[in-house]
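Everything below concerns the one structure shown next.
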Amino acid sequence: MTRGELEKLELRLLLDAVHQHYGYDFRDYARSSLRRRIWRRVAEEGLQTISGLQERVLHDPEAMERLLLDMSISVTSMFRDPSFFAALREKVVPMLRTYPFVRIWNAGCATGEETYSLAILLREEGMGDRVRIYATDMNDTVLRRAKEGVFSLERMQDYTRDYIRGGGQAAFSDYYKAFGDRVRFDPTLAETMVFARHNLVTDVRFNEFHLIICRNVMIYFDQALQDRVHGLLYDSLVRFGTLALGHKESIRFTTHADAYVELDPQEKIFRRAA
Amino acid sequence: MTVMPSESGGRRLVVVGASWGGLDAVGTVLADLDPDSSPPVAVAQHRADLGEDALARALQGRTRMRVVEAHDKAAIEPGAVYLAPPDYHLLVEDGHFALSLEPPVRYSRPSIDALFESAADVYGESVVAVLLTGANDDGTRGMRAVKRAGGLALVQDPSTAVRPEMPASAIAAGLADRVLGLPAIAAAINDLGAAV
Ligand SMILES: C[S@@+](CC[C@H](N)C(=O)[O-])C[C@H]1O[C@@H](n2cnc3c(N)ncnc32)[C@H](O)[C@@H]1O
């Protein structure tokens, strides 16, 4: 057996073990970045092999927590891709206004920056009191942070710039209060949010939404898993509901390409065809 | 070295890493590539954010290859040049690309090491890695992975580079199969497809 084949075997055993023991299913995640993260964890734990990591995570739940954080890649920011938020205001909000009450699913919300950006945008568009944002992630640790609504002060300058580029209409600093090197966002923003753990791979549909925002989450899935999760998202949308993906994600390569019409091809905003 | 039989470079893949001075260097290499014989090309170029698709537009003006910013899961097709989008890692899977927002690797996203390592992992000896101008040592680890997998390492002659450090680092590590000027790099890539 070559080194590469042995590594494949160890990787498969690790993923099976994690799935069976902890329920997290990474078996169909895209290999390239999965391997990088696993090897990173092997090195950080002071281990030599993927088999060694398997033993550790099976016997030490805290090691599993650390691996889960690596697998999450919860990198995010407020008003990331400002042009996307501008497009939401211009093209999606007018449709949302036609409903008496709007349910939004922010899937893979990480530490909540995207969710707060959405809540601010919707308040400015006068929809704050008739919308609920369901913000979900597979990772409890990042969800806990999201619930706090506390972010680093250092990043507010960039966020202010992107808020304005995204069509922001107020003074951004009105939305938060600084304490030390951190800021707490206006708690009334959180009144529109529901945070919950939900795993796109292993959990089922839990509501029907007018808008689903799932950005930079499915890039970690392989093509077959993307197709499956697209099925879940599709089934979770109302007729003519809207789906938004990350800037570099394409629906073209999935089996759901024909289920949607493009609302804004640049911003990856799609509308359920029926 | 085995040469895979094929019409347009076969299952081969060319991966290019460039940093400081890279826009012009990459453009010079691409300018001479023949879409009928060059394998597909993936480029990780460090850059200040030029804005969406700006790099693709700049490079498209100089080559007959089709230049696109890589989308997640985009198929790797002959005649095309795929650029790592700003602020994403570009990774190679079997027959397509994947993007990732993993933290910067040694200060860089896109990371040349990440591109090269993932390419070596999947394409093995069919990878041709090209390391161009730059003022850091990104790419050296990736080159090591390419060499270990039996791929071909082409490195820009540092004396012809805007910044010599990056190619010099790979050469110093003993990883370069050939040290070439930019036109010779393009010619070597075209030859891959011709040599069936
Ligand atoms: C890069 S962040 C994206 C954050 C935000 N959507 C953005 O674009 O800025 C990816 C998030 O997806 C979550 N994730 C990964 N796999 C998941 C799964 N199977 N189900 C739910 N969330 C998942 C991770 O925990 C992580 O927080």
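Taken along its principal axes, the alpha carbon cloud of chain A reaches lengths of 61, 50, 28 Å, longest axis first.
In chain A, helices alone account for a calculated mean residue ellipticity at 222 nm of -12500 deg cm²/dmol, with every DSSP H run of four or more residues adding -39,500 (n - 2.57). Taking amide H as placed 1.01 Å from N in the peptide plane, B:GLU102 has its amide H under 5 Å from the amide H of B:HIS89, each at least 5 places away in sequence or on another chain. In this structure the protein assembly as shown gives 41 Å² per residue of accessible area when probed at 1.4 Å with all protein chains present. Taking all protein chains as shown and a probe of 1.4 angstrom, B:ILE76 keeps an accessible surface of around 30 Å².
A DSSP coil position with no more than 13 other Cβ atoms inside 10 Å describes the following chymotrypsin sites (Phe, Trp or Tyr not before Pro) in the range B:100-188: B:TYR107. Here is the size of the range A:3-71 from its Cα atoms: Rg then Dmax, 10.7, 29 Å. Amide H contacts under 5 Å for B:ALA80: B:VAL41, B:ARG66, restricted to partners 5 or more places along the chain or on a different chain, H placed in the peptide plane at 1.01 Å from N.
So which residues in the range A:32-70 end up with at least 30 square angstrom less accessible surface once the other protein chains are there, compared with the chain by itself, probe 1.4 angstrom? Listed in order, they are A:SER32, A:ARG35, A:ARG36. Heavy-atom accessible area buried between chains B and A is around 2100 Å² (1.4 Å probe, both sides summed). Roughly what % antiparallel, to the nearest 5, for the DSSP beta bridges in the range B:63-132? That works out to approximately 60 percent antiparallel. When the other protein chains are added to the chain by itself, burial of at least 40 square angstrom of heavy-atom accessible area (probe 1.4 Å, ligands and nucleic acids ignored) affects these residues of the range B:82-118: B:TYR88, B:GLU93, B:LEU99, B:LEU101, B:GLU102. Measuring heavy-atom accessible area with a 1.4 angstrom probe and counting protein chains only, the residues of the range A:243-274 that give up at least 20 Å² relative to the chain alone are A:HIS247, A:LYS248, A:PHE253, A:GLN266. For chain B, the relative contact order comes to 25 percent (Cα pairs under 8 Å, sequence separation of at least 6). With all protein chains in place and a 1.4 Å probe, the accessible surface of the protein assembly as shown carries 50 percent carbon and sulfur. With respect to chain A, whose longest principal axis is taken over its alpha-carbon atoms, helix A:113-124 is tilted by about 10°. Report, in degrees rounded to the nearest 10, the 0 to 90 angle that the Cα long axis of helix A:223-235 makes with the longest principal axis of chain A. The angle comes out at about 40 degrees. Here the Karplus relation 6.51 cos²θ - 1.76 cosθ + 1.60, evaluated at θ = phi - 60°, turns the backbone of the range A:6-13 into coupling constants of 4, 4, 4, 5, 4, 5, 5, 5 Hz, with x for every Gly and Pro.
Across the range A:207-221, rounded Karplus estimates of 3J(HN,Hα) from the backbone phi angles (6.51 cos²θ - 1.76 cosθ + 1.60, θ = phi - 60°) give 5, 10, 10, 8, 9, 10, 10, 9, 10, 6, 10, 6, 4, 8, 9 Hz, Gly and Pro being marked x. Screening chain B for DSSP H helices whose Cα atoms reach 15 Å or more along their own axis and whose mean Kyte hydropathy is at least 0.0 gives B:112-123, B:182-194.
With contributions of -39500 (n - 2.57) from each DSSP H run of at least four residues, the per-residue ellipticity at 222 nm computed over chain B stands at -9000 deg cm²/dmol. Using the empirical formula 2.2 N^0.38 Å as the baseline, the Cα radius of gyration of the protein assembly as shown reaches a ratio of 1.01. Largest mean-square fluctuation among A:TYR29, A:TYR220, A:TYR176, in a Gaussian network model of chain A whose springs join Cα atoms under 10 Å apart, belongs to A:TYR176. In order along the range B:64-76, phi translates into HN-Hα couplings of 8, 5, 8, 9, 9, 6, 5, 8, 4, 6, 4, 5, 8 Hz, rounded to whole numbers, per the Karplus curve 6.51 cos²θ - 1.76 cosθ + 1.60 with θ = phi - 60° and x for Gly and Pro.
The values are calculated or read from the model by the stated rules, or taken from the named source; none is laboratory data. Being a predicted model, the structure only gives us computed values, none of them experimental. Glycine gets a Cβ as well: all are built from the backbone with ideal geometry, and neighbour counts include every protein chain shown. Just the protein is used for accessible areas: all its heavy atoms, side chains included, with ligands, DNA and RNA removed. Shrake-Rupley method; radii C 1.70, N 1.55, O 1.52, S 1.80 Å.
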